[in-house]
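Okay, so here's the structure we're looking at.
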Amino acid sequence: RAKIAVAQVDYAYANKVVALRNVNLNVHSGEFVCLLGPSGCGKSTLLYALAGQLVPTGGTVSIDDQRIRGPGPDRLLMFQEAALFPWMTVLGNLQFALAARGVPRSERKARALEFIQRVHLSGFENTLPHQLSGGMKMRVSLARALATDPAVLLMDEPFGALDAQTRIHMQELLQSIWLRTRKTVVFVTHDVHEALMLGTRVVLMAPRPGRIVKDLEVHLPMPRS
Ligand code: ADP
Ligand code: ADP
């Protein structure tokens, strides 16, 4: 769990496009914040600034009152692409991530299996990614992200490439896992319905220049059953 403070952040790309202007945002521990807005409003740029993948041209980003100066193991970024190693099995992909995170060898397998189960992929431990559907690959990616237990989960339209039915399943799965873990999440989407379904809070952005125009507390998502 972690809190995030974005203070007076500006970001201009090399071509002078002002992607963010004077963005202020405080994300409290355990919130699920959706960044919502049309294409080009700076959602991804803001997420990358939180990840430490880009350095703001002005202002600061802090995690737990510590100014961030780059990427760190406390923040995990997930994309539309599941980004699995194709030559490693499902179990292998998770174990590799746990090794990279410094989890002792003796604990990796049990932990990997636990998270494979949480995303309902028991039975596919020894399967290679190319044998899985897009939704299943995304479930592996989610399991891997959760298994490494980052303080903050940063998600950039993670379900954007999935078909409608699979997307709904992934939203429900993420919601049910989040309801149990209450991990701090920042989730980028341009889908109003997705933002309202998943978020405890919806932050609306607008383009030219990219900025926050509304910040709405919405109800805690309720379990579906
Ligand atoms: P999406 O809307 O799916 O996020 P984009 O088309 O916004 O995709 O961006 C795709 C890639 O192109 C990203 O890596 C982004 O940083 C880059 N990109 C977007 N706009 C520009 C631009 N005006 N000039 C250069 N690169 C850009
Ligand atoms: P969103 O995620 O809301 O679609 P982005 O953060 O990707 O918005 O982009 C914000 C603005 O910055 C857009 O005008 C986009 O074209 C521009 N942009 C994004 N990436 C780049 C890049 N690598 N170089 C130049 N301009 C970019």
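The values are calculated or read from the model by the stated rules, or taken from the named source; none is laboratory data. What you see is a predicted model, and the numbers here were worked out from it, not measured in a lab. Here the Cβ positions follow ideal geometry from the backbone for every residue, glycine too, while neighbour counts run over all protein chains shown. What goes into the accessible areas is simple: the full protein's heavy atoms, side chains included, and nothing from ligands, DNA or RNA. Shrake-Rupley method; radii C 1.70, N 1.55, O 1.52, S 1.80 Å.
Taken together, the residues in the range 10-36 that are away from ligand 1 (no atom under 16 Å from the Cβ), more than 17 Å from the chain's Cα centre (by Cα) and crowded, with 23+ Cβ neighbours inside 10 Å amount to 1. Remark: residue 186 matches the filter, which requires a residue to be among the β-branched types (Val, Ile, Thr), buried (at least 17 other Cβ atoms within 10 Å of the Cβ), within 16 Å of ligand 2 (Cβ to nearest atom) and in a strand (DSSP E or B).
Take the residues in the range 62-76 that are within 19 Å of residue 30 (Cβ to Cβ) and hydrophobic (A, V, I, L, M, F, W, C), then tell me which one is farthest from the chain's Cα centre (by Cα). Steps first, please.
First pass over the range 62-76, keeping only residues within 19 Å of residue 30 (Cβ to Cβ): 62-66, 74-76.
Checking which are hydrophobic (A, V, I, L, M, F, W, C) leaves us with 63, 76.
Working: 63: 15, 76: 7 Å.
Once the filter is applied, the top-ranked residue is 63.
Looking at the range 53-70, which of its residues are without any contact (Cβ under 8 Å) to a residue 24 or more places away in the chain, in a loop (DSSP other than H, G, I, E, B) and more than 16 Å from ligand 1 (Cβ to nearest atom)?
Correct list: 68, 69, 70.
Just so you know, in the range 200-220 the residues that are exposed (fewer than 15 other Cβ atoms within 10 Å of the Cβ) and either of a type in the set (A, V, I, L, M) or at pLDDT 95 or above (or both) include one that is farthest from residue 174 (Cα to Cα), and it is 213. The set of residues in the range 37-58 that are open to solvent by less than 50 Å² (accessible area, probe 1.4 Å), within 12 Å of ligand 2 (Cβ to nearest atom) and more than 14 Å from the chain's Cα centre (by Cα) comprises 37, 41, 42, 54.
Residue check: is residue 105 of a type outside the set (S, T, N, Q), within 16 Å of ligand 1 (Cβ to nearest atom) and free of Cβ contacts under 8 Å to residues at least 60 places away in the same chain? Break it down stepwise before answering.
Details: of a type outside the set (S, T, N, Q): yes; within 16 Å of ligand 1 (Cβ to nearest atom): no; free of Cβ contacts under 8 Å to residues at least 60 places away in the same chain: yes.
So residue 105 does not fit the description; no.
Between a first residue in the range 147-166 that is open to solvent by 20 Å² or more (accessible area, probe 1.4 Å) and modelled with pLDDT under 95 and a second residue that is within 16 Å of ligand 1 (Cβ to nearest atom) and among the polar types (S, T, N, Q), which pairs have beta carbons less than 7 Å apart while being 6 or more apart in sequence or on different chains? Cβ pairs passing all conditions: 160/80; 161/80.
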